[in-house]
Amino acid sequence: MKRVFSGVQPTGNLHLGNYLGALKQFVELQEDHECIYCIVDEHAITVPQDPEQLRKHILDVAALYMAIGIDPKKSIIFVQSQVPGHAELGWILCCNSYTGELSRMTQFKAKSGGKESVGTGLLTYPVLMAADILLYDTDIVPVGNDQKQHIELTRDIAIRVNNKYGDTFVVPDGRFMKSGARIMALDDPESKMSKSAENEHSRISLLDEDSKIKKSIMRATTDSDGEIRFDPENKPGVSNLLNIYSALSGKTVDEILANQQWRGYGDLKKELVAVTQEAMAPIKRNFEEIRYSEELIRVLNDGAERANAIAEPVMARVRDRFGMGIKL
Ligand code: AMP
Ligand code: TRP
């Protein structure tokens, strides 16, 4: 069975972009893969975090993982900082990567742009991500399109180390969704939906109340020509709504457009409100049941133990190849 690894940062409530771009495939993959899903708190601290909020968000994401259908009997769910191999391998890989390739990363440029002083962690963030992936001999990494560059870097580092030290790492492949791969902000369809945007109506959180879902979608930016068609270039707002509709309903955009009787954008939005509310309802129900249960903590502790059992032999192999420590 092929092994799958992915991670999400505990930096706020997950939104539709996270769900349709990444998390939905997490659930599908667990049926016929060995899946490991991580809550990457070591990545979260590359920017300042309030400790109490971070702890809360870690448990929120863990509960959301389970609420959308990740089954701890089939998949490993764990918190990154509970497995020491991530930080250790992160350091070793830092010593096998170059500041040039790291400063070329789009995400680094976006996060560091215009700042006088930039934290080192922001630069080395993708190396830690490479460590997460390589630590488990991962075959497949399901992520949203925005992570493509980081996956490429992971492959480059793995190949570089293999060439220098002999076969050490499995070289992983990214897996990207077709319809949900890039969900755009509702208020600004030129930028991606994100946890950190100031306007709460730019995104739909998986835990939003029905009334908030309605408000955000009804306010979504469209355009003035009034024609409903899929054309991301010229009609990014309408196309984003159709894309969300398609990803949530499992129908293709063509199927949706062929069967609609909408008279205007308002009708499309109203229908999308209903589709979204219906998709989010079971997630919210499950979340309430799991979030404050003892089971959640048990799942995470058990997940860390299982993850560590896979990571430790890989670390032993890495130390051995590099000639680190003493041979037992
Ligand atoms: P993050 O919230 O940055 O930890 O992202 C978690 C996962 O969601 C990653 O696989 C991202 O690629 C994916 N993701 C984040 N934002 C979006 C978006 N707007 N559209 C599609 N996928 C996204
Ligand atoms: N960098 C990813 C993001 O921002 C999160 C992440 C960290 C990740 N480590 C990972 C994703 C390993 C996949 C595999 O979304």
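The values are calculated or read from the model by the stated rules, or taken from the named source; none is laboratory data. All values derive from a computational prediction rather than experimental measurement. With ideal geometry, Cβ positions are generated from the backbone for all residues, glycine too; neighbour counts draw on all protein chains shown. These area figures cover heavy atoms from the full protein model, side chains too; ligands, DNA and RNA do not enter into them. Shrake-Rupley method; radii C 1.70, N 1.55, O 1.52, S 1.80 Å.
What is the log10 of I(q)/I(0) for the range 174-328, computed with the Debye formula using one identical point scatterer on each Cα and no solvent, at q = 0.08, 0.11, 0.12, 0.16 Å⁻¹? Normalising to I(0) and taking log10 leaves -0.38, -0.60, -0.66, -0.92. Both radii were evaluated on the Cα set of the range 6-163; the Rg over Rh quotient, with Rh as the Kirkwood radius, amounts to 0.95.
Expressed as a whole percent, the accessible surface of the chain that belongs to carbon and sulfur atoms is 49, based on a 1.4 Å probe. Here is the result for the range 35-114: no GluC sites (Glu not before Pro) lie in DSSP coil with at most 11 other C-beta atoms within 10 angstrom of their C-beta.
Rounded, prolate or oblate, given the Cα gyration tensor of the range 85-244, with a/c below 1.5 counting as rounded? Prolate, since a/c reaches 1.5 and a/b exceeds b/c.
With 0.36 nm allotted per residue and the present C-alpha distance subtracted, the residue 255-residue 286 stretch has 8.1 nm of extension available.
By the rule of a C-alpha distance below 29 Å, with chain neighbours fewer than 8 residues away ignored, the lysines paired with residue 212 are 24, 56, 111, 178, 192, 195, 235, 251, 269, 270, 284. Charges were assigned to the Cβ only: +1 to each Lys and Arg, -1 to each Asp and Glu. The resulting dipole of the chain about its Cα centre is roughly 400 debye. Per residue, the range 123-240 exposes 45 Å² of accessible surface when a 1.4 Å probe is rolled over the protein heavy atoms with every protein chain present.
A Cβ-based charge dipole, computed about the Cα centre of the range 1-68 with Lys and Arg at +1 and Asp and Glu at -1, lands at about 60 debye.
The GNM of the chain, with springs linking C-alpha atoms under 10 angstrom apart, assigns the highest mean-square fluctuation among 80, 147, 49 to 49. Based on the Stokes-Einstein relation at 10 °C and a viscosity of 1.306 mPa s, and on the Kirkwood radius from alpha carbon pairs, the range 151-219 is assigned a translational diffusion coefficient of 105 µm²/s.
The range 40-81: percent of C-alpha pairs farther apart than 11 Å? Summing the P(r) of the range 40-81 above 11 Å gives 67 percent of all pairs. Inter-part distance, the range 39-95 to the range 298-323, computed on C-alpha centroids, equals 15 Å. Relative contact order of the chain: 23 percent, from C-alpha pairs under 8 Å at least 6 residues apart in sequence. Contact order, relative form, for the range 202-328: 23 percent (alpha carbon pairs under 8 Å, 6 or more residues apart, mean separation divided by residue count). Helix hunt in the chain: which complete DSSP H runs extend at least 20 Å axially by C-alpha with mean Kyte-Doolittle at least 0.0? Length and hydropathy pass: 51-67, 120-134.
Determine, from the Cβ-Cβ distance of residue 53 and residue 199 and an R0 of 25 Å, the FRET efficiency 1/(1 + (r/R0)^6), rounded to the nearest 0.05. For R0 = 25 Å, the calculated efficiency reads 0.80. For the chain, the percent of C-alpha pairs falling in each 10 Å distance bin, counted from 0 to the bin holding the largest distance, reads 5, 25, 32, 24, 11, 3, 0, 0.
Diffusion of the range 248-298 by Stokes-Einstein, at 4 °C in a medium of 1.567 mPa s and with Rh set to the Kirkwood radius over alpha-carbon pairs, works out to 96 µm²/s.
Considering the range 75-158, its Cα convex hull presents a mean projected area of 6.1 nm². When 105, 1 are compared by accessible surface with a 1.4 Å probe, the order from highest to lowest is 1, 105. Beta-bridge orientation, the chain: approximately 10 percent antiparallel, per DSSP, counting only bridges with both partners inside.
Per-residue packing, averaged as other Cβ atoms within 10 Å, sorts the ranges 58-71, 159-172 into the order 58-71, 159-172, beginning with the highest.
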